[in-house]
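Data block below; observations after.
The values are calculated or read from the model by the stated rules, or taken from the named source; none is laboratory data. Keep in mind the model is a prediction, meaning the values are calculated, not measured. Don't worry about glycine lacking a Cβ; one is built from the backbone with ideal geometry, like all the others, and counts go over all protein chains shown.
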Amino acid sequence: MMRFYPGCTLSSSARPYRRSLEWVWQRLGIEMKELPGWTCCGATSAHALNRDLAYALPARNLAIAQGLGDELVVACSACYSRLKIAQKALENSRIRERVMKTLGRPLDGRVQIKNILEVLSEHAPRIQKEKTKAIEGLQVACYYGCLATRIPRVQGFDDREHPTMMERLVSAAGATTLDWPAKTSCCGASFSVIHEAIALKMCSQILEMARRCGADVLVTSCPFCQYNLDWAQWTRSRTDSQAPKIPVLFITQLVGLALGGSERDVMLGSNLTPHPCSPLPLKGRGARSEGNGESSV
């Protein structure tokens with residue numbers, strides 16, 4: 001049994017991520033239950049305000065998972081980063097004692113934390129075998145952002161600077177991946193809230209690089225990255241309606257479509273940047289019909 005830690009964004013701005021995750025889990029028969037009583041991990045502000053609080057917030061969720069004895073699966077890159085950092089910090093006995101005092105419960109942090117890309121990659125051969133929609137020829141730029149694989153002093157699940165796990169999933173789904181230089185560049189994270197101009201510039205550089213490399217679509221596993229890149233295009237379109245737009249999808253949306261899910265199943269039409277028609281040139285069984293905004297299944 002695996003326990004799923006959704007984090008705050010998958011219940012709010014990243015609902016399409018959660019919907020598509022759950023659809024893919026059900027389609028692949030992955031047994032996973034939500035972590036009971038989970039709370040916010042403290043991203044993105046706790047670590048900037050109080051170090052012990054920044055450890056205690058994710059540690060509480062680790063304690064719940066530890067009590068259940070299950071693996072903990074995390075989809076959000078920020079949540080994954082904070083949980084892994086807290087787990088590493090708990091190896092220090094003094095920090096662990098302070099956190100246990102704050103939480104009022106025993107804790108050693110011995111929980112296996114998995115990124116959603118790790119779990120999906122275990123099913124890549126099956127995805128390749130069972131895909132029902134042909135998306136061959138779709139040029140995909142995989143975007144990891146700066147948090148998923150580059151956690152300070154913590155061993156990641158993939159190469160820090162040149163991760164390839166998402167590319168393997170996209171290839172299994174039938175699309176073509178691009179080798180491009182901005183896959184781990186920062187999108188500006190919470191600057192989109194406190195200093196829009198900085199985030200807009202950083203996102204625009206990533207989007208322009210994807211465009212120059214010939215990407216038809218950007219795919220990510222981070223809800224903050226998806227929001228920022230989508231928001232940047234929406235913001236730019238308000239002053240330049242002719243500005244080129246690249247759909248920014250969650251990896252589970254792309255995998256879900258390849259496995260036969262409809263656009264409604266994976267909430268494909270929920271992006272900030274409106275797309276009057278499907279951004280994916282789906283072909284074959286279950287393909288989208290002309291003049292219809294939905295895919296048949």
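Here L83 clears all of (1) within 21 Å of the chain's Cα centre (by Cα); (2) assigned by TED's automatic domain parsing to the domain that holds S171 except the condition numbered (2). Only residues that are buried (at least 20 other Cβ atoms within 10 Å of the Cβ) and touching a strand residue (DSSP E or B) at 6+ places or on another chain (Cβ under 9 Å) were counted in the range 120-148, giving 10. Scanning the range 245-255 for residues that are touching a helix residue (DSSP H, G or I) at 6+ places or on another chain (Cβ under 6 Å) and not aliphatic (A, V, I, L, M) turns up K245, F250, T252, Q253. For the range 190-220, filtered to residues that are in contact with a Phe, Trp or Tyr (Cβ under 7 Å, 6 or more places away or on another chain) and of a type in the set (S, T, Y), the residue that is farthest from L268 (Cα to Cα) is S192. In the set T164, T176, T220, only one residue is surrounded by fewer than 17 Cβ atoms within 10 Å (Cβ to Cβ) and under 16 Å from the mean Cα position of the chain (by Cα); that residue is T164. Candidates L68, L10, L72, L83: the one that is under 30 Å from T132 (Cβ atoms), among the hydrophobic types (A, V, I, L, M, F, W, C) and in contact (Cβ under 8 Å) with a residue 60 or more places away in the chain is L10.
Please go through the range 163-185 and pick out each residue that is touching a Cys at 6+ places or on another chain (Cβ under 7 Å) and either modelled with pLDDT under 95 or part of a helix (DSSP H, G or I) (or both). Residues satisfying the conditions are M166, E167, V170.
Of all the numbered requirements in (1) farther than 22 Å from E136 by Cα; (2) modelled with pLDDT of 80 or more; (3) surrounded by 14 or more Cβ atoms within 10 Å (Cβ to Cβ), Q253 misses one, and that requirement is (1).
If you scan the range 180-200, which residues turn out to be farther than 20 Å from P247 by Cβ and touching a residue at least 12 places away in the same chain (Cβ under 8 Å)? Give the steps one after another, and end with the answer.
Filtering the range 180-200 down to residues farther than 20 Å from P247 by Cβ leaves 181, 184, 186, 189-191, 193-198.
Hits for the range 180-200 are P181, T184, C186, A189, S190, E196.
M209 falls short on exactly one of the conditions (1) closer than 18 Å to W231 by Cα; (2) buried (at least 18 other Cβ atoms within 10 Å of the Cβ), and that condition is (2).
Rundown of residues vs (1) touching a strand residue (DSSP E or B) at 6+ places or on another chain (Cβ under 8 Å); (2) basic (K, R); (3) closer than 18 Å to T177 by Cα, yes/no style:
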{"site": "A215", "(1), (2), (3)": "yes, no, yes"}
{"site": "F224", "(1), (2), (3)": "no, no, no"}
{"site": "L229", "(1), (2), (3)": "yes, no, no"}
{"site": "A232", "(1), (2), (3)": "no, no, no"}
{"site": "R238", "(1), (2), (3)": "no, yes, no"}
{"site": "P244", "(1), (2), (3)": "no, no, no"}
{"site": "P247", "(1), (2), (3)": "yes, no, yes"}
{"site": "T252", "(1), (2), (3)": "no, no, yes"}
{"site": "G256", "(1), (2), (3)": "no, no, yes"}
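Selection within the range 186-199: residues that are exposed (fewer than 14 other Cβ atoms within 10 Å of the Cβ) and assigned to a helix (DSSP H, G or I). The member of this set that is modelled with the lowest pLDDT is V193. Taking strands (runs of 3 or more DSSP E) as the structural unit, those lying wholly within the range 56-162 and holding at least 2 residues that are farther than 19 Å from R18 by Cα correspond to 139-143.
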